[in-house]
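Structure first, then comments.
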Amino acid sequence: PWRKKKSTQNPLARLETPELQFAELFAVLTVLTAHKRATSNKNLRFWCRSTSTALIAASHKATASPSCAAAGRVTRLLHSKQCGTANLAHRRITAVLLLLRPPQSRGWLRAATRPMSALAAKPSPEEIERRRRAKRAERAANPKKKVQQTQKKQRDPAEEARALREFRIAPLIDAGANLQSRGSYDDVVRQLRRASLAGVAAVVLTGCDVDGSTAGKDFCERWAAEGSTLQLGFTAGVHPHDASKFTDDTLSKLEALSTSPFCVAMGECGLDYDRMFSPREVQLAAFRAQCALAKRLDRSLFVHVREKEEGEALGAYRDAVAVMTEAQLIPEKVCVHCFTGGTDELAALVDFGCRVGFTGFLGIAKRSGATREAVASLKDRLAGRLLLETDAPFMLPDKAYLPSSLQKRLGLRGGKNEPAVLPAVCGALADALGRDASDVARETTEASRTFFGFDDASSDDDSDDDRLDDEFAKMQRKLGITGS
């Protein structure tokens, strides 16, 4: 009701007794004392100093009345440690009143210009100085004990390298990782060193647009110059999310990127009917163009297909198979990566005859039930068509495959996936197939080498362990991660 009035009178003047005035203040404070605007600007802090006197005085006057015992408790609370500093108490009380009153009604508050003057006389300069000396002497006599903070345990590169070597299963190939657009080159190098220790023989950097594909090419060239045994390749394509940006100029740039000796496939391209960042017809047009390019260049094609997760299905897999069939692609030279569908979708891909990539999604129990059932039901028809990938930094498997203690030993950061986690992905796929993980590792590695054209160079050679340890420790030191 005060907001409707433009009076300069004290809005509490209509309350005749201190008890009623205090009760009104107390009711307002109970509701709004925690409001975020209480300390939001300088004006409120200024009014805190000039109005706290009248407010606290009102509570003191009400304390004298037997019928308002709550006022005494509030008065004591204002001066107690529970309310923080006195300045904090002033801010809370004054800001609440200012929130309820228009500027025209604030004139009555300006009368109290000296904080606390209604409660006690201002001490003399000599008294202030005496109190300060007494407080300094008390602090000197009772110094606060410094709490000794425990030093954070630093990473031990040697221990991480040992844990990564123990984690390996067999030589593996990561068919898809999104690294070049989500970190510096040094950070990517660190991940590749760790992956090599974990038994990863090759990694493919997935290109989702022209810039990402170009960055993948640059990373591969720099990596090759370092002479590491781990092979690094990239794909060149435009993701369906960016299909709206696809032009004839884009197609010519992708063709130019395909001439690089490190380009192992075209893509990632395809259809995504779940998020629909690009219209359906636009996705289909961009996908057809990239399929035609892969056919003309006789290159492998890395494909993304995702059906609508909620509501009626839109037929993403049906449309993708139709486009690839129309382009007369060789099924063995097509890989639909990061499969997350069910039995019907997987059956459509098996009937077409393409390869299928699986990620740590299989190790996420709450989401992968239908996918695991599809793999189990069609496992006999999937022989020789399976590829492993991390899709890093996404699709990190559950703790069933990566317990917290193991993540710490491996040096995983912030719950993000990386190529070194590929043995856990292999374990998840092996469980879905009901097979031994080492057998699945050998089969998927051979399929990846055939599809991408990697050399048959094993990273499981123990003679390279010492060199890899040295390279890994050197990179750790370069990034400022030293052992204790």
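The values are calculated or read from the model by the stated rules, or taken from the named source; none is laboratory data. Because the structure is a prediction, the values reported are computed rather than measured. A quick note on method: Cβ atoms are made from the backbone with ideal geometry, for glycine too, and the neighbour counts reach across all protein chains shown. SASA here: full protein model, heavy atoms, side chains in, ligands and nucleic acids out. Shrake-Rupley method; radii C 1.70, N 1.55, O 1.52, S 1.80 Å.
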- Query: Once Rh for the range 359-435 is found with the Kirkwood sum over Cα pairs, what is the Stokes-Einstein diffusion coefficient at 10 °C and 1.306 mPa s, in µm²/s?
  - Reply: 125 µm²/s
- Roll a 1.4 angstrom probe over the protein heavy atoms and tell me the percent of accessible area of the range 157-479 that is carbon or sulfur. 48 percent
- Once label points are set 7 Å from the Cα along Cα→Cβ at both residue 141 and residue 298, what is their separation, rounded to one decimal in nm? 9.6 nm
- In nanometres, the difference between 0.36 nm per residue of separation and the alpha-carbon distance of residue 282 and residue 252 is 9.0 nm
- With viscosity set to 0.890 mPa s and temperature to 25 °C, compute the Stokes-Einstein D of the range 186-310, Rh being the Kirkwood radius across alpha carbon pairs; µm²/s, no decimals. 163 µm²/s
- Message: For the pairs 245/333; 366/399; 253/295; 295/379; 217/253, flag any whose C-alpha to C-alpha distance is greater than 22 Å.
- Response: 245/333; 295/379
- Note on the structure: For the range 157-479, the per residue accessible area (1.4 Å probe, Å²) is 40 Å²
- Within the range 416-432, whose backbone N sits under 14 Å from a point 7 Å along Cα→Cβ of residue 407? 416-418, 421
- Query: For the range 346-388, what Kirkwood radius comes out of the mean inverse Cα-Cα distance, in Å?
  - Reply: 10.8 Å
- Ranked highest first by the average count of other Cβ atoms within 10 Å around their residues, in what order do 398-404, 253-259 fall? 253-259, 398-404
- Query: Where Lys and Arg each count +1 and Asp and Glu each count -1, what net charge lies around residue 318 among other residues with Cβ under 14 Å from its Cβ?
  - Reply: -4
- Note on the structure: In nanometres, the difference between 0.36 nm per residue of separation and the alpha-carbon distance of residue 455 and residue 313 is 47.1 nm
- Query: If you count, for each residue, the other Cβ atoms within 10 Å and average over each peptide, how do 161-172, 296-307 line up from highest to lowest?
  - Reply: 296-307, 161-172
- Grab the eigenvalues of the alpha-carbon gyration tensor for the range 190-248, scale each by 5, take roots, and send me the semi-axes largest first in whole angstrom. 27, 12, 7
- Message: Viscosity 0.890 mPa s, temperature 25 °C: what is the translational diffusion coefficient of the range 157-479 from Stokes-Einstein with a Kirkwood Rh over Cα pairs, rounded to a whole number of µm²/s?
- Response: 125 µm²/s
